[in-house]
Structure formats: C-alpha cells, structure tokens
Amino acid sequence: MELPSVAVFERSGLLAWPGIEAEWDGAWVRRSANGYTKRANSVQCLDPADDSDVESRIAASVDWFGDRGLPPVFRVTPLTGPRASAAMDRLGWATIDASYQYAMPLTPMESDPRCRLYAVTDPLFQSFAERLQNYSPVQMAGLKALLGALVVPASGVVLHDSDGAPVASCIKCVADGIVVTGNVVTDPAHRRKGHAAAMMRTGLAWAQQNGARFAALNVQADNPAAQALYRGLGYAHQYDYSYRVPGAR
C-alpha cells in the first residue's frame, strides 16, 4: 500500500499535536502552545514553492513568538523552501534536534490485556503520564493544555504491571486516516521487557477501530533504541526533519 505524501503526514501532524494558537501566512503556519514542545511552538512551511519574501516572514515569526514570550523556532521538513533555508543560513540560525519521520501502512494488531485505554483528558491518565514522564508542574500544565485543544479522536494508552502500577504510556491521535503516536515512555526500571511494543500494538489496534489506515511518529536521530522498537513494529523511515533557532552555527 502506497504511503501518503509528506504534505499529508505533516498536515495530520498539525491536528494530532496541535498548537493552542495558530496563525497562517500562505503555506506557513506559526503555532504556540505555551512553550510545551518545539513541535507545537514553531513555524513551518507546508509548500516548498511558497518561499517568497522569506526574510521578512522569518522576522515576522521572530516577533510573533517574542510577543508570546517564546523563543523563535523553525521546523525544517522536505516542505521547507530552499530560499527559507538559505535565508536562515545567512542569518546564522543553528540546526538542532535532527529527527526522523517513521510511518507504515497499518496491519491487524492485537491488544495486550495489561493495557488500558483512557480519554487523554482523564485526570487519572494525566497523573500516570506525569509520573512516567517525570514532568514538572509547568510541563504538565503545557501537556494538559495541548491535550485539551485536540479535536481529533485520541486515546491515552497505559500498560500496567501485575500490581496495577503504570509502567509505560503513550498518546495516540487519529487525523486524516493516520494514527500519530506521541509521548512514548517506559519506566526505566521496566525497560527491555517488551512493554513498549505491547503498548504500541494496543494503541494501533484502537486506531484501526477508529478509522486509521496508516501510522506515523517522530523519533530523534540520536535515539537508536526507539528506532529499533518502531522498526520492529513495522515502521520505516520516510524523511528527515530538524529545527532551526537563532544562534551561531
């Protein structure tokens, strides 16, 4: 089965990991979410042909983020126009956090009986995520606000041990027929036991029941353990992306 285009994946990602506030300028979109994650607090372009007047648009983005007390961040994907990249080169913007987009067509998955599904706004699920992610109150407030902005089907997935304690969790969102996974985490004391894979399969089974035909996620280039986990589930590398921020190269 042929996978969707980069543009389809990127637009589904906007819905699955929303900003609290968004402003469009042609095919450029600026998003803010009170600073929770670079992805939801960045500007990106959805059409490489829309790269006119790039320096003034970059400057406008810097001001837009500054007005919200946020550092300017540009998410660079294959849809970023060459003039925009060249302008950031001239301005001395640094490249950080090299990452990969992984994706796959969905095949039948089986749920694990140790896993439970929760509404992402359920305080119990959020307490599990806070504990496993070791989030500060500020980080947790950011996550809650982002989850509250979701307008697509979403589920929190938690794998519990035999005593009922949460040992792994993630968030699944279905947008435009694509299930996007985020916030994958396993308790360090319970890693390398297959918990994350079981949790992922359970979430993918839920996604199929909610209309997903493809699966996608983001993984950092310096996280080989996560990459191995996702490849074992059937995901494959689709394209690279990174972030650019003002500063010396």
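Below, the figures for the structure above:
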| quantity | calculated |
| --- | --- |
| Residue match in region 230-245 (condition: over 18 Å from the mean Cα position of the chain (by Cα), closer than 25 Å to Pro71 by Cα and in contact (Cβ under 8 Å) with a residue 60 or more places away in the chain) | yes |
| Lone qualifier among Gly156, Gly182, Gly164, Gly203 - being outside the structural domain of Thr95 (by TED's automatic domain parsing), free of Cβ contacts under 8 Å to residues at least 12 places away in the same chain and either touching a Phe, Trp or Tyr at 6+ places or on another chain (Cβ under 7 Å) or within 17 Å of Tyr118 (Cβ to Cβ) (or both) | Gly164 |
| Test for Glu23: is it under 23 Å from Leu146 (Cα atoms), touching a helix residue (DSSP H, G or I) at 6+ places or on another chain (Cβ under 8 Å) and among the acidic types (Asp, Glu) | yes |
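To keep it simple, each residue is scored yes or no on (1) over 21 Å from Val219 (Cα atoms); (2) in the same structural domain as Gly156 (by TED's automatic domain parsing); (3) not polar (S, T, N, Q).
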| site | (1), (2), (3) |
| --- | --- |
| Ser61 | yes, no, no |
| Trp64 | yes, no, yes |
| Ala119 | yes, yes, yes |
| Asn134 | no, yes, no |
| Ala141 | yes, yes, yes |
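The values are calculated or read from the model by the stated rules, or taken from the named source; none is laboratory data. Everything quoted here is computed from the prediction, not taken from an experiment. When we count neighbours, we look across all protein chains shown, and the Cβ atoms used for this are built from the backbone with ideal geometry, even at glycine.
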